[in-house]
Every structure is written in structure tokens, then in C-alpha cells.
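All remarks here apply to the structure that follows.
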């Protein structure tokens, strides 16, 4: 079965590639697993690959966000400093 997928961003492209690799590895691992161990082997593989997929997705999203922020550059005006807060605690009275 062949299908066409349209991706709009670099992140989507990375995730589609990772998901396809994950599906192929799951198929290979479960096909090669001994009888009675297919579920256990499949679960372990799915968790490991799922974590990797999540890590790659987050890393890519953060990298894109950082690149967009760098393109914008520094703000046009300096940010004002916060006002000095006064403490609400009272000092104990001296005897």
C-alpha cells in the first residue's frame, strides 16, 4: 500500500520520517520475536522508539523556535527594570 503525505514544515517532515522508521522497526521486531514474546518485545520497542520520537519532536520544535527568535533579533527598546519591592516583614522589637 502506497500513500502520499504532504508535510508543511520541517518538523512535520522529521516526524513523518521518524514515524515511518518506528513502524518499520516495530514490524521487524515483532515478526522476529519468538512465539509467546511478541507482545513483550513489541511493547519494549514501542516505548523506546516512542521516547525517541518525542525527544526528536521536542528538540526540532525548540530548535525552530530558537531560530525564529534569532531572526527577530533584539527588541527595539530596552526592557524596563522591575521596581524595587519593599519587604512586608517586620523586624522584631528590641526589648
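Annotations for the structure displayed:
- Normalising the average separation of contacting C-alpha pairs (under 8 angstrom, six or more residues apart) by the number of residues puts the relative contact order of the chain at 26 percent.
- Extension gain (nm, one decimal) between residue 59 and residue 6, 0.36 nm per residue minus Cα-Cα: 16.9 nm
- Principal-axis analysis of the Cα atoms of the chain puts helix 38-72 at an angle of about 40° to the longest axis.
- Here the sum of -39500 (n - 2.57) over DSSP H runs of 4 or more residues, divided by the residues of the chain, equals -22000 deg cm²/dmol at 222 nm, to the nearest 500.
- Here Cα Rg over 2.2 N^0.38 Å was computed from the coordinates, and among (i) 1.80; (ii) 2.09; (iii) 1.28 the match is (ii).
- Virtual spin-label span in nm between residue 41 and residue 89, 7 Å along Cα→Cβ: 6.2
- Nearest 10 degrees, 0 to 90: helix 10-32 Cα axis against the chain principal axis: 40
Read the figures in this text as sums done on the coordinates, not as results from a lab. What you see is a predicted model; the values in this text were computed from it and never measured. Ideal geometry is used to build each Cβ from the backbone, glycine not excepted, and the neighbour counts take in all protein chains shown.
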